[in-house]
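To keep things clear, I will list the structure first and then write my remarks on it.
Values in this text are rule-based calculations from the coordinates and carry no lab data. These numbers were taken from a predicted model, which means no experiment stands behind them. Please note: Cβ atoms are built from the backbone with ideal geometry, for glycine as well, and neighbour counts cover all protein chains shown.
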Amino acid sequence: MAFVLIIHDYDCNFVAIMKKSLILVTNDDGLFAPGIKALVEVAKKFGEVVVVAPDSPQSGQGHAITIESPLRLKKIHFMEGVEAYECNGTPVDCVKLGKHVLLKDRKIDLCVSGINHGSNAAINIIYSGTMSAAKEASLEGIPSIGFSLLDYSFDADFEPSKIIAENLIEYILKKGMEHGSLLNVNIPKLKLADIKGMKVCRQGNARWVEEFKEGMDPRGQKYYWLTGKFINEDEGKDTDVWALDNGYVSIVPSDHDLTLYKAIPTLASLEKLNIHAG
Ligand code: MN
């Protein structure tokens with residue numbers, strides 16, 4: 001039976017009637033990170049929430065999936081009125097299990113991932129477990145949003161991010177999104193009053209210049225620890241990096257077609273190549 005929730009519109013000019021939504025929540029920082037708690041608190045205002053999240057930190061796992069070992073789901077008490085499971089897999093495993101095992105045959109209205117502790121702007125989207133979880137949901141045709149706050153600390157203030165997330169979730173649930181699309185939302189580390197607004201952007205051409213710090217473990221074996229500097233080589237004012245540097249929330253609509261279309265004509269002569277040995 002459909003449940004009907006009455007909510008106020010953004011400008012409070014009229015009252016909209018909205019079907020109670022089913023929202024899948026995940027992240028990559030693990031179920032015990034404050035960011036996911038903040039996101040669940042927001043999501044539960046819009047309907048039924050099911051949480052499936054990793055039982056350990058999974059940042060940087062990208063679109064990794066588990067195929068060589070068994071996956072497990074354990075129902076846990078997370079928050080009053082919310083069904084929650086911890087999973088021993090990656091963020092993408094969590095979405096797959098949520099969709100195909102826990103919620104099979106049910107239409108998921110929205111998948112939200114995060115709120116990540118740290119930026120997923122620019123090239124970070126490639127490495128991010130937060131964004132890959134959202135991407136996996138979008139591959140299944142579920143509208144999805146990944147949220148990240150530009151603050152790595154465990155004690156980060158998620159209150160402004162919660163308000164941003166609430167506004168965006170309400171907007172997307174009402175307006176919908178094109179099939180298979182997802183949003184990469186990054187939020188600057190600012191008080192709500194200092195956030196200038198939202199900017200819909202392209203992904204900035206900023207990247208990590210990486211360096212491995214070498215050390216010696218207690219058993220006398222060398223180890224390498226990845227470090228790096230985030231370098232922005234993109235002067236554009238239409239990028240996520242610019243928006244965040246200038247006090248805006250960045251929203252990048254993203255796709256999973258990685259084809260470099262402009263290279264197709266350039267490489268077309270390959271099709272006429274006489275394939276030869278040696
Ligand atoms: Mn993370």
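Listed values, structure above:
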| read-out | value |
| --- | --- |
| Complete set of residues in region 238-278 that are among the polar types (S, T, N, Q) and not in a helix (DSSP H, G or I) | T239, N246, S250, S254, T259, N274 |
| Strands (runs of 3 or more DSSP E) completely within region 120-209 that count 2 or more residues being within 16 Å of the ligand (Cβ to nearest atom) and surrounded by 21 or more Cβ atoms within 10 Å (Cβ to Cβ) | 144-149, 182-187 |
| Residues of region 175-205 that turn out to be within 16 Å of N116 (Cα to Cα) and more than 16 Å from the chain's Cα centre (by Cα), as a count | 2 |
| G98 being under 30 Å from L258 (Cβ atoms), in contact with a Leu (Cβ under 6 Å, 6 or more places away or on another chain) and either more than 14 Å from the ligand (Cβ to nearest atom) or outside any strand (DSSP E or B) (or both) | yes |
| Hits in region 236-278 - residues which are more than 30 Å from K196 (Cα to Cα) and within 20 Å of the chain's Cα centre (by Cα) | D257, L258 |
| Filtered residues of region 105-119 (kept if within 12 Å of the ligand (Cβ to nearest atom) and farther than 12 Å from D28 by Cα) | S119 |
| Contacts under 8 angstrom Cβ, first residue in region 49-61 being in contact (Cβ under 8 Å) with a residue 40 or more places away in the chain, partner away from the ligand (no atom under 11 Å from the Cβ) and part of a loop (DSSP other than H, G, I, E, B), 6 or more apart | V50/L103; A53/L31; P54/L31; P54/N88; P54/G89; P54/T90; Q58/T90; Q61/T90 |
| Of all residues in region 30-69 being of a type in the set (A, V, I, L, M) and part of a loop (DSSP other than H, G, I, E, B), the one that is farthest from the ligand (Cβ to nearest atom) | I67 |
| Unique match (being farther than 24 Å from V241 by Cβ, over 12 Å from the mean Cα position of the chain (by Cα) and touching a residue at least 12 places away in the same chain (Cβ under 8 Å)) among L102, L168 | L102 |
